[in-house]
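Notes follow the structure.
The values are calculated or read from the model by the stated rules, or taken from the named source; none is laboratory data. Since we're looking at a predicted model, the values are computed, not measured. Neighbour counts are summed over all protein chains in view; Cβ atoms, including those assigned to glycine, are modelled from backbone coordinates with ideal geometry. Surface areas here come from the heavy atoms of the whole protein model, side chains and all, with no ligands, DNA or RNA. Shrake-Rupley method; radii C 1.70, N 1.55, O 1.52, S 1.80 Å.
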Amino acid sequence: MKYVYKDITILTVTHNSENVIDCFLNNINKKFKLVVVDNNSRDSTKLILKKDNRPYKTLFFNKIGLGFGSGANVGLRHIETKYVLLVNPDTILNDNQIQKLYKAAKKYSNATILSPMHVNEKGVKHIPSRSFFFTKDKNTSLNTDNFCGDCSVEHLSGAIMLINKANLDEIGFFDESFFLYYEDDDLCIRSKNAGFENVLVHDVVVSHVGGGSVGPDNFKNQWEKNFHFNYSRCYIEKKYFGVLNSKLMAIKIFFKFLFKMLGHLMILRLNKITKDIASLSGAISFLIGIH
């Protein structure tokens, strides 16, 4: 077990994470090196991080919110261990789970990324993997019924990733043109294109609340999530299939959420309007070249 502490640095990116960061820190063994990159939290996250008493802690406080991938890159540039365990602060990990992931990483040395199964706050287990955004046949996706052993997959969620640092150095860090969403898709695509694997580990199940790492469910955070999700969907289309396809994608998203917004207005479902307008804005922003 001592090599786990030597070979792995735990990295997390926070943004208004006061509701989850205490629990996260309390479950991380103090023998691990911990790097936290805070994206300009305005709540008590920074204070909690400063008060946390552990010997191997490095904190970066960004003066502006850089987004997930850019924030993670701040930490990745300073980490020199063999592996990086990149986890969202709404994740609860223990030594046994990390040890199993570590053993899998040693076994599958050609993997850039390894991830466990997830279980949500209701105790429901789910697979943090899906087909690439451009894969036509979605029937090939894994599910809890047919997943019975470690396997190489297309995509792994960025919420929990054990990263082989040498392989990552070869393919490059996160693309910082993604502010939020699809940066994990892009990293997984580049991993596969470089001849590496993305491995889903069968016998490790980690608690991940989901959504807890982006702050409370208020207007600002909901706007950010929906705006950037749709902007990033257009950007990844451009990156892999060109400008024309990305513009068509943006137009498709625009009309999709325009009709949704009109429908929600007609039936007075006003709670949905923010999501619709934010999604529309993400598509428009991409079309006119403003981010």
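Just checking, does segment 196-214 include any residue being of a type in the set (Phe, Trp, Tyr) and assigned to a helix (DSSP H, G or I)? No - not one qualifying residue is present in segment 196-214.
Identify the residue in segment 22-49 that is in contact (Cβ under 8 Å) with a residue 24 or more places away in the chain and of a type in the set (D, E, K, R) and, among all such residues, is nearest to Leu85 (Cα to Cα). Looking at the filtered set, the residue picked out is Lys33. All conditions in (1) in a helix (DSSP H, G or I); (2) open to solvent by less than 40 Å² (accessible area, probe 1.4 Å); (3) polar (S, T, N, Q) hold for Asn245, with the sole exception of (2).
On inspection, Asn221 qualifies as modelled with pLDDT under 95, within 18 Å of the chain's Cα centre (by Cα), surrounded by fewer than 18 Cβ atoms within 10 Å (Cβ to Cβ) and under 28 Å from Arg42 (Cβ atoms). Kindly establish whether Ala105 is under 16 Å from Val201 (Cβ atoms) and either crowded, with 20+ Cβ neighbours inside 10 Å or not basic (Lys, Arg) (or both). It is true that Ala105 is under 16 Å from Val201 (Cβ atoms) and either crowded, with 20+ Cβ neighbours inside 10 Å or not basic (Lys, Arg) (or both).
The set of residues in segment 17-34 that are in contact with a Gly (Cβ under 8 Å, 6 or more places away or on another chain) and crowded, with 23+ Cβ neighbours inside 10 Å contains only Ser17. One residue alone among Ile98, Ile92 is among the β-branched types (Val, Ile, Thr) and either in contact with an Asp or Glu (Cβ under 9 Å, 6 or more places away or on another chain) or surrounded by 20 or more Cβ atoms within 10 Å (Cβ to Cβ) (or both), and that residue is Ile98. If you go through segment 149-161 and keep only what is in a strand (DSSP E or B) and either surrounded by fewer than 24 Cβ atoms within 10 Å (Cβ to Cβ) or free of Cβ contacts under 8 Å to residues at least 40 places away in the same chain (or both), you end up with Cys151, Ser152. Restricting segment 1-55 to residues that are under 22 Å from the mean Cα position of the chain (by Cα) and of a type in the set (Lys, Arg), the residue that is nearest to Gln222 (Cα to Cα) is Arg42. I want to confirm something. Restricting to segment 264-280 and keeping residues that are open to solvent by less than 30 Å² (accessible area, probe 1.4 Å) and modelled with pLDDT of 95 or more, which single residue is nearest to Asn230 (Cα to Cα)? Among residues in segment 264-280 that are open to solvent by less than 30 Å² (accessible area, probe 1.4 Å) and modelled with pLDDT of 95 or more, the one nearest to Asn230 (Cα to Cα) is Ser279. Put simply, of Glu197, Glu237 the only residue that is open to solvent by less than 30 Å² (accessible area, probe 1.4 Å) and acidic (Asp, Glu) is Glu237. Checked against the criterion of being touching a Gly at 6+ places or on another chain (Cβ under 6 Å) and among the β-branched types (Val, Ile, Thr), segment 48-61 contains not a single residue that satisfies it. Please state which one of Glu176, Glu237 is under 26 Å from Arg77 (Cβ atoms) and of a type in the set (Asp, Glu). Every option except Glu176 fails the conditions. Of the residues in segment 128-139, none is within 21 Å of the chain's Cα centre (by Cα), closer than 29 Å to Tyr5 by Cβ, in contact (Cβ under 8 Å) with a residue 24 or more places away in the chain and not in a loop (DSSP other than H, G, I, E, B).
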